[in-house]
Amino acid sequence: MLCAQTHPKPTTKMTPKKMTAAEIEKSAIIIDTHADTPQRFVDDHFNLGDPLNGGNLNLDSIHKGNLGAEFFSIWVEPSIYKGQYARRTLELIDSVKQQVAKYPNQIMFVTTPEGIEYAHRTHKFAALMGIEGGHSIENSIPLLRQYYALGVRYMTLTWSNSTDWADSSGDIDDKTIPHTKEGLTEFGKDVVYEMNRLGMMVDISHVSDRTFYRTLVISRAPVIASHSDARALCDAPRNMTDDMLRAVAHSGGADSKGGVIDVNYFSGFVSQAYKDAAKAQQPEVDKAVADAKEKAKAEGREFTPSDEDKIQRSYMDRIPRPPLSMLIDHIDHIVKVAGIDHVGLGSDFDGVSGQLPEGLDSPADIPKITQALLDRGYSAEDIRKILGGNLLRVFKEVEAVSKQLQAEDRPRITEKQPFDKPQK
Ligand SMILES: [Zn+2]
């Protein structure tokens with residue numbers, strides 16, 4: 001027998017068979033940190049069991065793409081819901097819980113890294129929540145605490161609108177909007193500290209560069225960018241410079257393993273050409289939105305963010321979608337600049353008024369990302385980190401820091417809290 005004559009020497013290392021994309025996905029917990037589907041739950045009465053019907057995320061696509069966990073974005077449109085931020089926040093939170101209640105055999109509501117792992121073991125999809133935009137807390141630390149109590153596990157300090165205590169990249173150049181001196185006011189620092197103490201991840205997507213750096217000085221826990229790309233590849237204020245990517249990797253202090261940047265799939269953050277084309281047609285889009293708003297008002301109808309989204313999409317559909325490889329370039333770039341332990345996925349599914357890269361329409365297409373990474377020579381271990389391992393590590397560390405801070409029991413608030421009336 002041949003094998004009797006050719007014993008491998010004990011010192012010879014056997015080369016392991018290369019894992020396929022499907023095998024890697026089975027052994028990974030895939031986590032996405034940003035989907036805006038709650039707008040659809042509330043405004044369109046969309047259920048996760050429904051066909052996609054123009055959206056990006058439903059149960060069918062979740063199962064096809066083996067998506068393990070989603071952070072549903074609790075985003076309150078700041079002009080339509082002015083004066084009702086908390087109410088809208090609560091309605092969106094409720095909508096996520098209603099979906100979990102509707103599909104108890106497929107979805108599990110979880111609030112911890114262990115919960116994500118448990119859901120994965122029991123073959124359920126884990127639903128989590130993150131608030132997108134600090135205006136939801138209405139300048140109230142007690143409200144922040146109650147959102148945590150309801151299960152919110154990250155907060156993006158601002159959306160495109162600055163708050164009284166943190167500045168947004170969306171309006172930082174608008175001289176009519178008041179901005180902070182240093183990126184965060186004293187109250188803003190208290191918000192970050194309280195998030196650290198509670199164990200709520202601090203999300204720096206959307207904030208201005210100055211607010212970004214100020215937050216990194218203040219935060220005792222590593223931070224996340226729940227849905228941002230690399231500015232070196234696409235020059236959008238929502239994307240992050242190489243220096244910022246490195247700063248996230250080093251966030252959380254000396255003993256920290258650092259934060260994570262979760263790449264946004266929106267073509268306008270992925271591709272410079274797409275972004276430029278979108279900018280060129282923006283005046284036309286703005287006019288169409290204004291006209292539709294007027295029309296709705298005249299007819300006594302409500303004009304919802306989803307109405308606006310439909311108009312935006314109809315224009316964005318005219319621009320050719322960039323190839324998926326351009327999104328992979330962002331992952332590559334962040335790996336090169338910040339390291340393999342600091343990149344993840346933050347799709348922005350159901351949140352972009354425009355196209356995603358070619359062939360990337362729902363979680364069912366995540367295997368294409370896995371395959372592309374494999375083709376570029378990433379190891380199975382590295383791919384598992386990108387697909388969700390890195391986020392899980394950061395989430396665990398944020399909880400560990402929270403335990404430390406709660407044990408310290410030192411005075412927390414540096415400034416009088418505006419309990420009585422909103423700060424102006
Ligand atoms: Zn966003």
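Observations, loosely collected:
- Test: residue in the range 177-193 that is within 27 Å of residue 112 (Cβ to Cβ), within 15 Å of the ligand (Cβ to nearest atom) and aromatic (Phe, Trp, Tyr): no
- Residue, modelled with the highest pLDDT, within the range 378-411, restricted to residues that are surrounded by fewer than 13 Cβ atoms within 10 Å (Cβ to Cβ) and not in a helix (DSSP H, G or I): 409
- Residues in the range 330-355 that are touching a Lys or Arg at 6+ places or on another chain (Cβ under 8 Å) and either without any contact (Cβ under 8 Å) to a residue 24 or more places away in the chain or within 14 Å of the ligand (Cβ to nearest atom) (or both) were compared, and the one that is nearest to residue 268 (Cα to Cα) is 354.
- Scope the range 235-255; condition outside any loop (DSSP other than H, G, I, E, B) and of a type in the set (Asp, Glu); matching residues: 242, 243
- Qualifying residue in the range 230-237 (condition: away from the ligand (no atom under 16 Å from the Cβ), more than 24 Å from residue 272 (Cα to Cα) and crowded, with 20+ Cβ neighbours inside 10 Å): no
- Of the residues in the range 33-45, at least one is over 23 Å from residue 119 (Cα atoms) and without any contact (Cβ under 8 Å) to a residue 12 or more places away in the chain.
- Those residues of the range 154-176 which are more than 16 Å from the ligand (Cβ to nearest atom), surrounded by fewer than 24 Cβ atoms within 10 Å (Cβ to Cβ) and either in contact (Cβ under 8 Å) with a residue 12 or more places away in the chain or within 17 Å of the chain's Cα centre (by Cα) (or both), in sequence order: 164
- Residue within the range 249-257 that is without any contact (Cβ under 8 Å) to a residue 60 or more places away in the chain and within 16 Å of the ligand (Cβ to nearest atom) present: no
- Single residue of 25, 70 found to be modelled with pLDDT under 90 and closer than 20 Å to residue 119 by Cα: 25
- Some residue of the range 201-219 being touching a helix residue (DSSP H, G or I) at 6+ places or on another chain (Cβ under 9 Å), assigned to a loop (DSSP other than H, G, I, E, B) and of a type in the set (S, T, N, Q): yes
- Residue count, the range 140-153 (criterion: buried (at least 22 other Cβ atoms within 10 Å of the Cβ) and more than 16 Å from the ligand (Cβ to nearest atom)): 3
- Out of 143, 128, 150, sole residue that is in contact with a Leu (Cβ under 9 Å, 6 or more places away or on another chain) and either under 28 Å from residue 303 (Cβ atoms) or of a type outside the set (Lys, Arg) (or both): 150
- Index of the failed condition, residue 93 passing every other in (1) modelled with pLDDT of 95 or more; (2) of a type in the set (A, V, I, L, M, F, W, C); (3) surrounded by fewer than 18 Cβ atoms within 10 Å (Cβ to Cβ): (3)
- Where helices (runs of 4 or more DSSP H) fall entirely within the range 49-153, those with at least 2 residues that are free of Cβ contacts under 8 Å to residues at least 40 places away in the same chain are at 85-102, 113-121, 141-149.
- Taken together, 269, 212 contain a single residue that is farther than 12 Å from residue 398 by Cα, touching a Lys or Arg at 6+ places or on another chain (Cβ under 7 Å) and within 16 Å of the ligand (Cβ to nearest atom), which is 269.
- Residues (of a type in the set (Asp, Glu), in contact (Cβ under 8 Å) with a residue 60 or more places away in the chain and surrounded by fewer than 24 Cβ atoms within 10 Å (Cβ to Cβ)) located in the range 189-229: 190, 194
- Within the range 234-290, the residues that satisfy the criterion of being of a type in the set (A, V, I, L, M, F, W, C) and touching a strand residue (DSSP E or B) at 6+ places or on another chain (Cβ under 7 Å) are 240, 245, 248, 260, 261, 263.
- Filtering the range 385-397 for residues that are among the aliphatic types (A, V, I, L, M) and more than 20 Å from residue 68 (Cα to Cα) leaves an empty set.
- Test: residue in the range 67-83 that is more than 16 Å from the ligand (Cβ to nearest atom) and of a type in the set (S, T, N, Q): no
- A single entry from 308, 358, 302, 284 fulfils the requirement of being of a type in the set (Asp, Glu), closer than 21 Å to residue 267 by Cα and part of a loop (DSSP other than H, G, I, E, B): 358.
The values are calculated or read from the model by the stated rules, or taken from the named source; none is laboratory data. This one's a predicted model, so the numbers in the text were calculated from it and none came from an experiment. Cβ coordinates were reconstructed from backbone atoms using ideal geometry, including for glycine residues, and neighbour counts include every protein chain displayed.
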